[in-house]
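Here the structure comes first, spelled out in structure tokens, and everything after it is commentary.
The values are calculated or read from the model by the stated rules, or taken from the named source; none is laboratory data. These figures come from a predicted structure and were not determined experimentally. Here the Cβ is made from the backbone with ideal geometry for all residues, glycine too, and neighbour counts use every protein chain on show. For the accessible areas, the whole protein counts, side chains as well, though only heavy atoms, and no ligand, DNA or RNA atoms are used. Shrake-Rupley method; radii C 1.70, N 1.55, O 1.52, S 1.80 Å.
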Amino acid sequence: MIELQELRKEFAGSTALAGISLSVAEGEIHGIVGRSGAGKSTLIRCLTGLESATSGHARIDGVDITALSGARLRASRRSIGMVFQHANLLDSRTALENVEHPLQVAGVPRAARRARALELLELVGLTDRAGNHPAQLSGGQQQRVGIARALASEPKILLCDEPTSALDTQTTGQILSLIASLRDRLGITVLIITHEMSVVREICDSATLLEHGRVTQTGMLGEILADPSSPLARDLVPLPRASDDPHRRTLEVALAGTPLGTVFDIAESTGTPISAVESGTLETIDGTQVGRLRLVCADTLQRERLSTALRARGIHVEEAA
Ligand SMILES: Nc1ncnc2c1ncn2[C@@H]1O[C@H](COP(=O)(O)OP(=O)(O)OP(=O)(O)O)[C@@H](O)[C@H]1O
């Protein structure tokens with residue numbers, strides 16, 4: 001498991017991490033989201049020991065990376081696999097040779113490393129591409145090779161830094177499914193840095209929002225979605241843009257586990273029928289149906305009544321603008 005405790009990193013004149021504490025359980029897929037400059041890359045660099053923390057601790061399976069240096073740090077890095085936005089494969093080597101590369105550097109004998117690399121290519125579904133060079137592979141296939149290479153040293157943790165940002169939607173889905181299936185098959189813990197909320201929606205069990213080097217929100221997806229007013233829940237289930245009609249009286253509601261039909265039932269039973277749903281999203285995340293809807297009401301009075309009735313039933317209603 002990964003455990004960060006008051007992790008702090010200061011550069012001359014700026015604080016990149018202002019005391020980060022969070023823990024990710026073994027076998028969990030955890031997303032770290034945040035705007036540019038929030039400290040995501042610095043966090044990964046401190047976790048891999050590429051950057052030394054100013055203070056605090058970063059433990060992987062109980063081993064404090066911040067306390068290591070030299071050979072011990074290099075050895076513990078082997079328990080971490082890294083996947084980047086671009087696979088950064090060696091152009092002159094085949095897919096198989098690219099996966100073999102870290103094993104070669106680690107001094108694994110040729111026959112053993114070849115067998116292991118073939119196994120890994122099979123694991124990522126690229127056995128038939130073993131002899132191809134990167135230029136002969138699609139972006140998604142290159143990323144698969146990158147993932148196989150990251151797994152070569154049998155890491156317990158996979159750190160993925162924007163692993164799908166350079167890929168189209170369909171390929172993104174395939175790579176995310178692959179990461180989820182590797183977690184299921186190998187039991188590895190996965191930390192994914194991303195600016196795409198769809199990545200969190202699709203495969204994360206838990207997530208953390210970083211802002212200005214601080215944890216603004218962290219938790220399991222279910223907990224996050226249960227509080228629709230929280231910043232991560234708003235990002236995970238956004239409300240589509242409002243219409244430009246200034247006369248329209250709308251009410252914004254968020255659902256976290258309550259069926260849409262219940263909202264209509266409450267409206268009917270309180271004599272404030274909803275005349276239309278102007279816009280909205282409804283989806284199932286982590287097994288819970290969640291959504292955000294903009295309901296059209298007859299007038300301001302009806303809107304007030306409906307708002308009161310829904311709130312009384314525990315449904316989250318936004319303040320009217
Ligand atoms: N080597 C460095 N020297 C000085 N300041 C740095 C250094 N690395 C990062 N920073 C600063 O630390 C803060 C966090 O940067 P970081 O790259 O970790 O953010 P990020 O969330 O990964 O952003 P992005 O999504 O754009 O990659 C920023 O203010 C950045 O300018």
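Mind checking which residues of segment 90-114 are open to solvent by 50 Å² or more (accessible area, probe 1.4 Å) and in a loop (DSSP other than H, G, I, E, B)?
Selection gives Leu90, Asp91, Ser92, Arg93, Ala106, Gly107, Pro109.
Looking at segment 188-244, which of its residues are assigned to a helix (DSSP H, G or I) and in contact with a helix residue (DSSP H, G or I) (Cβ under 7 Å, 6 or more places away or on another chain)?
Met197, Val199, Val200, Arg201, Glu202, Ile203, Ile224, Leu225, Leu232, Ala233, Asp235, Leu236
Restricting attention to segment 150-208, and to residues there that are in contact (Cβ under 8 Å) with a residue 24 or more places away in the chain, in contact with a Ser or Thr (Cβ under 9 Å, 6 or more places away or on another chain) and open to solvent by 40 Å² or more (accessible area, probe 1.4 Å), which single residue is nearest to Leu123 (Cα to Cα)?
Arg183
Restricting to segment 207-266, give me the number of residues that are within 16 Å of the ligand (Cβ to nearest atom) and either touching a Pro at 6+ places or on another chain (Cβ under 8 Å) or at pLDDT below 90 (or both).
Of the residues in segment 207-266, 3 are within 16 Å of the ligand (Cβ to nearest atom) and either touching a Pro at 6+ places or on another chain (Cβ under 8 Å) or at pLDDT below 90 (or both).
Regarding Val296, is this residue touching an Asp or Glu at 6+ places or on another chain (Cβ under 9 Å) and β-branched (Val, Ile, Thr)?
Considered against the rule, which asks whether it is touching an Asp or Glu at 6+ places or on another chain (Cβ under 9 Å) and β-branched (Val, Ile, Thr), Val296 comes out as yes.
Name every residue in segment 10-41 that is open to solvent by 20 Å² or more (accessible area, probe 1.4 Å), within 14 Å of the ligand (Cβ to nearest atom) and at negative phi, in order of residue number.
Glu10, Phe11, Ala12, Ser14, Thr15, Arg35, Ser36, Lys40, Ser41
Give the residues of segment 45-83 that are at positive phi and crowded, with 16+ Cβ neighbours inside 10 Å, sorted by residue number.
Gly49, Gly56
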